[in-house]
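Engineer: Quick one: structure below, then a few questions.
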Amino acid sequence: MGYKAKAIAGLLAATCVFSIIALILSVVNVKDVFLPPSIKYGLVFDAGSTHTALYIYRWPADKENGTGIVSQVEVCSVSGPGISSYADNPAGAGASLKPCLDKAMKIVPAEQQRQTPTYLGATAGMRLLREQNSTKAEQVFAEVAKAIGEYPVDFRGARILTGNEEGSFGWITVNYLLETLVKPGVTIEDKNTSIFFRLYGTNYLLYTHSYICYGQTQALKMLMAALHQAFAGFYYTFHFLNLTSQQSLNDVNSTVQTFCKKNWAEVRAL
């Protein structure tokens, strides 16, 4: 058989095979099968001055230009106060996070847990503790890292956010929710209190400043100190005038007015 004959025979055989395949596909009920999209997860602990919360996020693994829409899956409030309150019991800070980590492990698929980036960012409470006692702050972070390290996640570290970072992240969050920032890609440069953003060719210059002693916790402490000082003044005054809580307001006013009318010689004679 010549070369030409072999080529014709091969072509006929291939045509026959493809015809059979086409016939089978036309007879058999074929349904489209769509593979589930690949999803990735991330865990973020927001360690504030009064409490800590764990946020669970997810996003499409196949991102366009390295960016994707992130959605919040769950938020878990950690029981107890903020981690800075465990300065004298650092192990308690780590233990307080475990119930929320257990919850996260039930949400994130087991096969993806080791690839799940996990962060902890602390704010004003830990900033103050670091200024007051840096050793205790480090001990708290060590116990927090130890607790998270017991779980099969990609722990990226625990650290204190600067006031500038906290302000800039808040700005991004608000504008993201308002859909002002159409595209999520961002480049950040921090220069003291000025934050420079570059989002897909658009530049933003943001001013931030953190008033560290004027938050909720510090304001409450200042109020308590003022109340304590005011009460102390009343206590010593009432003790000197031999007044008790059993006496009426009229009796108190009368006693005070009587004392105030005394001259210096009468006061010294008391």
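Engineer: Where the centroid of each part is defined by its Cα atoms, how far is region 230-270 from region 67-125 in Å?
Structural biologist: About 56 Å separates the Cα centre of region 230-270 from the one of region 67-125.
Engineer: Between Met224 and Asn250, what length in nm is gained on full extension when 0.36 nm per residue of separation is reduced by their alpha carbon distance?
Structural biologist: Length gained, Met224 through Asn250: 6.6 nm.
Engineer: Fully extended, how many nm does the chain gain between Asp154 and Gln72 (0.36 nm per residue separation, minus their Cα-Cα distance)?
Structural biologist: Details: separation 82, 0.36 × 82 = 29.52 nm, distance 1.86 nm.
So the extension gain works out to 27.7 nm.
Engineer: Roughly how many debye, to the nearest 20, is the charge dipole of region 39-161 about its Cα centre, given +1 on each Lys and Arg Cβ, -1 on each Asp and Glu Cβ, and no other charges?
Structural biologist: Charge dipole, region 39-161, about its Cα centre: 40 debye, nearest 20.
Engineer: How far apart, in nanometres, would the label points at Ala145 and Tyr214 be if each is projected 7 angstrom from Cα along the Cα-to-Cβ direction?
Structural biologist: 3.4 nm
Engineer: Can you give me the relative contact order of region 39-161 as a percent, contacts being Cα pairs under 8 Å and 6 or more apart? Mind dumping the intermediate values first?
Structural biologist: On the way: 232 pairs, mean separation 36.2, N = 123.
Relative CO of region 39-161 lands at 29 percent.
Engineer: Something else now. Using a Förster radius of 22 Å, what is the FRET efficiency between Glu131 and Thr173 based on their Cβ-Cβ separation? Nearest 0.05, please.
Structural biologist: The pair Glu131/Thr173 has a calculated efficiency of 0.25.
Engineer: Place the peptides 152-160, 135-143 in order of packing, highest mean first, counting for every residue the other Cβ atoms within 10 Å and averaging per peptide.
Structural biologist: 135-143, 152-160
Engineer: In addition: In what sequence, highest mean first, do 83-94, 203-214 appear when ranked by Cβ atoms within 10 angstrom?
Structural biologist: 83-94, 203-214
Taken together, the values in this text are just the output of simple stated rules run on the coordinates, not laboratory data. None of these values were measured; they are calculated from a predicted model. All Cβ positions, glycine included, derive from the backbone under ideal geometry; neighbour counts span all protein chains shown.
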